[in-house]
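Have a look at the structure below, then the notes.
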Amino acid sequence: MTWVKTRKGRGYLKYDNASHGTPHPINSDIYWDTKREFAEKYDVAFTNFGGPAPADAGALRGEFEANLQAVMSVLQQDQSLVDYLADRLTELGDSVPGSLPAFRLGEVQPLPR
């Protein structure tokens, strides 16, 4: 017999019930702390890392796009990671049943009177 206790929020730096439905404020210290491990592990640099959110909407969008590109660069440089993700997603997709006998989408059920 094995007994294990897990905690919700791993990598999010808010744990258990505090992590439910509570996003980190944009560009807050804790927000950037959640990006630090990824940046160090994959040797990527995030635009404005540790800095406050730009006040201008266009600049904020530019920061977002640049940081999304930094994340995507990891995939562009690691074909084995791309292959693993593609194979895993295919495996998950193949595991979805083609039909569920108890599922009745579109059938109109009379309301109880």
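For first residues located in the stretch 20-31 and in contact (Cβ under 8 Å) with a residue 24 or more places away in the chain, partners that are part of a loop (DSSP other than H, G, I, E, B) and lie 6+ apart or on another chain with Cβ distances below 6 Å form the pairs Ile26/Ala53; Asn27/Pro52; Asn27/Ala53. Would you call Ala70 touching a residue at least 24 places away in the same chain (Cβ under 8 Å), aliphatic (A, V, I, L, M), part of a loop (DSSP other than H, G, I, E, B) and open to solvent by less than 60 Å² (accessible area, probe 1.4 Å)? When the stated conditions are applied, Ala70 does not pass them. Scan the stretch 42-50 and give yes if some residue there is free of Cβ contacts under 8 Å to residues at least 60 places away in the same chain, within 22 Å of Ile26 (Cα to Cα) and surrounded by fewer than 10 Cβ atoms within 10 Å (Cβ to Cβ), otherwise no. No, the stretch 42-50 contains no residue that is free of Cβ contacts under 8 Å to residues at least 60 places away in the same chain, within 22 Å of Ile26 (Cα to Cα) and surrounded by fewer than 10 Cβ atoms within 10 Å (Cβ to Cβ). Restricting the search to the stretch 76-98, which residues are surrounded by 10 or more Cβ atoms within 10 Å (Cβ to Cβ) and aliphatic (A, V, I, L, M)? Within the stretch 76-98, Leu81, Val82, Leu85, Ala86, Leu89 qualify.
Look at Glu37 and say whether it is assigned to a helix (DSSP H, G or I) and modelled with pLDDT under 95. So Glu37 fits the description; yes.
The set of residues in the stretch 1-33 that are surrounded by 12 or more Cβ atoms within 10 Å (Cβ to Cβ) and either of a type outside the set (Gly, Ala, Ser) or in contact with a Phe, Trp or Tyr (Cβ under 8 Å, 6 or more places away or on another chain) (or both) comprises Lys8, Gly9, Tyr12, Leu13, Lys14, Ser19, His24, Ile26, Asn27, Tyr31, Trp32, Asp33.
The values are calculated or read from the model by the stated rules, or taken from the named source; none is laboratory data. Source: prediction; values computed, not measured. No Cβ is skipped: glycine too gets one built from the backbone with ideal geometry, and neighbour counts run over all protein chains shown. When the accessible area is computed, the model is the full protein with side chains, heavy atoms only, and any ligands, DNA or RNA have been set aside. Shrake-Rupley method; radii C 1.70, N 1.55, O 1.52, S 1.80 Å.
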